[in-house]
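Notes follow once the structure below has been shown.
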Amino acid sequence: MSIVRAAAGRPPVHADAAARVRARRASKARIDYSDDPKIAQTIAEIADQLGCSRNEVMQSLTRFALTNRNWKQVGLYGSKGLQ
């Protein structure tokens, strides 16, 4: 009597690589913004010092800002608005 075994590992979640890429892009939003070159350089320096990507620095900065400031009450640059 012969026993047929299934392939090891879990079954694939996506049909192919293109489907995997589409699923990833659907689950992550991209945000693109422009800023002063000095700010961009500072972000790059922080990334180099911490050994991470600029994207990870921006994610951390954004999460910190959203957690530690009441934007609806205080506004962008304080109670007087943009200056």
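The values are calculated or read from the model by the stated rules, or taken from the named source; none is laboratory data. Note that the coordinates shown come from a computational prediction; the quantities given were computed from them, not determined experimentally. Positions of Cβ are backbone-derived with ideal geometry, glycine not excepted, and every protein chain shown enters the neighbour counts. These accessible areas exclude ligands, DNA and RNA; they are computed on the full protein's heavy atoms, side chains included. Shrake-Rupley method; radii C 1.70, N 1.55, O 1.52, S 1.80 Å.
Data overview
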{"read-out": "Among residues of segment 54-75, those that are exposed (fewer than 11 other Cβ atoms within 10 Å of the Cβ) and not in a helix (DSSP H, G or I), counted", "value": "2"}
{"read-out": "Considering residues of segment 19-34 that are in a helix (DSSP H, G or I) and open to solvent by 100 Å² or more (accessible area, probe 1.4 Å) only, the residue farthest from residue 62 (Cα to Cα)", "value": "20"}
